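Just below is one structure, and these are the notes that go with it.
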Amino acid sequence: MVENLIHPEGAPCRFAPELPFPVYAYVPGRHPHPSRTGFARTVDCGDLNTTHRYALDLFNYGYYWEAHEAWETLWHAYGRHSLEGRLIHGLIALAAAGVKVREGNALGVVHHVRRAAAIFRDLSAERLVMLGLAVDALTAFAEEIAVEPPCRPAEKGAPPEIVFTPLMLV
């Protein structure tokens, strides 16, 4: 359990502070594709727990495409249809929504968060907490975004921007 989730400066606490962030947060059409700059398509931090913690950091700090990539590694490792795999699939959809926010695509945001909410809603009947995340809170989070999706298009070369409330471990 993480007690102090927000630093005094207002930034979310890191769950894997030993791992550096990428040079930039990829937004299609605004940055070079990460495969051209050395960010591996498969993000594997050596073990599933560390990869998950790093994906949370990436998401919480506005690296939505990169979080998607890290969680995709876990989705395959856990098995796409396992309970954990289904949770990760919902997190991937949330990360995809973050990319859509930065693209300025509100319809894309709503599509992805509705898909995430449906996945989390189905899982909440099975488990209350999975991989350190409260499933009901994830459902509510996705549903709130669907009602009022943020639209914060990134300018070409823009730095990462946090567009969602950080995900917290319970």
* Structure fact -> Those residues of segment 142-159 which are closer than 23 Å to PHE120 by Cα, in a loop (DSSP other than H, G, I, E, B) and of a type in the set (D, E, K, R) amount to GLU148
* To do: Report yes if ILE88 is touching a helix residue (DSSP H, G or I) at 6+ places or on another chain (Cβ under 8 Å), over 17 Å from THR165 (Cα atoms) and at pLDDT 95 or above, otherwise no.
  => yes
* Would you say ASP122 is part of a helix (DSSP H, G or I), closer than 22 Å to CYS13 by Cα, modelled with pLDDT of 95 or more and of a type in the set (D, E, K, R)? -> no
* Per-region count, segment 47-82, residues part of a loop (DSSP other than H, G, I, E, B) and touching a helix residue (DSSP H, G or I) at 6+ places or on another chain (Cβ under 6 Å) -> 1
* Does LEU91 fit the bill of being under 9 Å from the mean Cα position of the chain (by Cα), outside any loop (DSSP other than H, G, I, E, B) and of a type outside the set (Phe, Trp, Tyr)? -> yes
* Any hit, segment 130-138, residues being part of a loop (DSSP other than H, G, I, E, B) and surrounded by 15 or more Cβ atoms within 10 Å (Cβ to Cβ) -> yes
* Is there any pair with a first residue in segment 114-128 that is closer than 20 Å to VAL147 by Cβ and a second that is of a type in the set (Lys, Arg) whose Cβ atoms are under 7 Å apart and which are 6 or more apart or on different chains, and what are they? -> ILE119/ARG86
* To do: Among the residues of segment 81-113, write down those that are surrounded by fewer than 16 Cβ atoms within 10 Å (Cβ to Cβ), under 30 Å from ARG30 (Cα atoms) and either small (Gly, Ala, Ser) or in contact (Cβ under 8 Å) with a residue 12 or more places away in the chain (or both).
  => GLY104, ALA106
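The values are calculated or read from the model by the stated rules, or taken from the named source; none is laboratory data. Worth saying up front: this structure is predicted, and the values here are computed from it rather than measured. FYI the Cβ positions are ideal-geometry reconstructions off the backbone, even for glycines, and counts take in every protein chain you see.
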